[in-house]
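Asker: First the structure, which I've put down as structure tokens, then a few questions once you've had a look.
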Amino acid sequence: MSVYVAQRSEEGPAAMAVALAPSQSGRRQRRAGGWLQMGALKERQQIGGLIRLAAVAAVGCSVVLPLLELARIVAGWTPSPGRATLVLVATACYLPLYVRHVWYAARGSRPAGAGWTLLAMAVVILGALPIIGTSWLISLHSLAVSVLIIVAPPWSLLAAAGLVAATAPLAVAFGHPQWAAFYIVSVIWRGAAVFVLVWLVGAARRLEHARLLLAEQALARERLRIDRELRRTLGAALEAIAARGRRASALTAGDAAALEDELCALVEGSRRALAQARQMIRGYQRLSLRAELDAAAALLTAAGISTRLELPRGDLPETVDAAPRAALRTAVARLLRDDAARRCSIVVTRQGARVRLELRAGGTGPGTTQVVAWTP
């Protein structure tokens, strides 16, 4: 990364200052990402565990539920007993295709030849239905789940609803109207048990992707800000040192007194630039209030809550203490858990030497919440 920044910089001492940005700003980026990365490891483990658990549960249900129904049919606990061999063959034909659909969906991808495998499933399940009879109606839940996974909405919703709606007329047509309600409920809850888990995995993956994207955007903004700051300060100081060095070099064969004065000024300018660089590096290790506020607003906006920053006139405090930072994060986390929240304002006001930070929620969310007041 250092090479990339240096290549984009202009040649000369200013380039040296800009090339220092990534290496010296590493600490700053880690600190500035404190909001987005607070408990990052724990959150990542929780989300990863949730994704793995939901994926395993979805695949497990896609295997266990059809096998349980197969055992029930083989045991004769159905309204139309018999045909056990055909049921076993049909289940062996469609179950691997069904589990494959669920497995790929849980991984967030689409299987190769998804349309053809879905067609094969439909042929096996619907083709065996007139022969097996009412007992085979339960297999419609597997076909409905695969349709919801493979086919794009709204056609997937219409097809799945059609399969559920056809359950009752088919039970009546097969001569078992008393079983119609049972099979409708069975198809619905079995299909929902698998598809909701697949949907949960997809939602968790999207959440993780949005979190990572938000963190990358925050770090990119911070890097650009540091680059501009280094160009303006250290870049200008290094340019002045280089110019003074060229003048001292031109005086080597001339007046010794003038050369000595020039060298003394060069040393003094170098010391000031070094002190300024050290001060900037120490500042990078402290958290910026504006960075915290921008990160909070970005996080709320990404969650669908319209957020507005209201800042006082004049400069904000350069840094923010741990207590107001923790209070702000707690208030934002509480607002994110409120499904009714639609908009909010983050208000910073000055009362003499003290700074007051409030989070004001609009809509049906919680009312005004004073986060904290402190003296910088």
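The values are calculated or read from the model by the stated rules, or taken from the named source; none is laboratory data. Since the structure is predicted, the reported quantities are computational estimates derived from the model, not experimental observations. Ideal geometry is used to build each Cβ from the backbone, glycine not excepted, and the neighbour counts take in all protein chains shown.
Asker: Inside segment 148-192, can you point out the residues that are part of a helix (DSSP H, G or I), under 28 Å from Trp116 (Cβ atoms), free of Cβ contacts under 8 Å to residues at least 40 places away in the same chain and of a type in the set (A, V, I, L, M)?
Answerer: Leu157, Leu158, Ala159, Ala160, Ala161, Leu163, Val164, Ala165, Ala166, Ala192, listed by residue number.
Asker: Mind telling me which of the residues Arg231, Arg206, Arg244, Arg225 ends up being of a type in the set (D, E, K, R) and touching a residue at least 40 places away in the same chain (Cβ under 8 Å)?
Answerer: Arg231
Asker: Are any residues in segment 114-140 buried (at least 16 other Cβ atoms within 10 Å of the Cβ) and among the aromatic types (Phe, Trp, Tyr), and if so, which ones?
Answerer: Hit for segment 114-140 is Trp136, nothing else.
Asker: Just to check your reading of the model, which residue among Ala220, Ala257, Ala215, Ala250 is small (Gly, Ala, Ser) and surrounded by 13 or more Cβ atoms within 10 Å (Cβ to Cβ)?
Answerer: Residue meeting the stated conditions: Ala215.
Asker: Among the helices (runs of 4 or more DSSP H) lying completely within segment 225-325, list those that include at least 3 residues that are within 30 Å of Asp338 (Cα to Cα) and at pLDDT 80 or above.
Answerer: Per the criteria, 289-302.
Asker: Applying the selection to segment 339-349, what residues are out of contact with any helix residue (DSSP H, G or I) (no Cβ under 7 Å at 6 or more places or on another chain), buried (at least 16 other Cβ atoms within 10 Å of the Cβ) and modelled with pLDDT under 85?
Answerer: none
Asker: Is it the case that segment 127-143 has a residue that's aromatic (Phe, Trp, Tyr), at pLDDT 90 or above and either closer than 22 Å to Trp189 by Cβ or not assigned by TED's automatic domain parsing to the domain that holds Ile188 (or both)?
Answerer: The answer is yes, given that some residue of segment 127-143 is aromatic (Phe, Trp, Tyr), at pLDDT 90 or above and either closer than 22 Å to Trp189 by Cβ or not assigned by TED's automatic domain parsing to the domain that holds Ile188 (or both).
Asker: Within the set of pairs 6 or more residues apart or between chains, which connect a residue that is surrounded by fewer than 15 Cβ atoms within 10 Å (Cβ to Cβ) and of a type in the set (S, T, N, Q) inside segment 280-306 to a residue that is at pLDDT below 70 and assigned to a helix (DSSP H, G or I) with Cβ atoms less than 9 Å apart?
Answerer: Correct list of pairs: Gln285/Arg27; Gln285/Arg28; Gln285/Arg31.
Asker: I'd like to check something: does segment 95-110 contain any residue that is in the same structural domain as Val194 (by TED's automatic domain parsing), of a type in the set (Gly, Ala, Ser), at pLDDT below 90 and part of a helix (DSSP H, G or I)?
Answerer: So far as segment 95-110 goes, yes, one or more of its residues are in the same structural domain as Val194 (by TED's automatic domain parsing), of a type in the set (Gly, Ala, Ser), at pLDDT below 90 and part of a helix (DSSP H, G or I).
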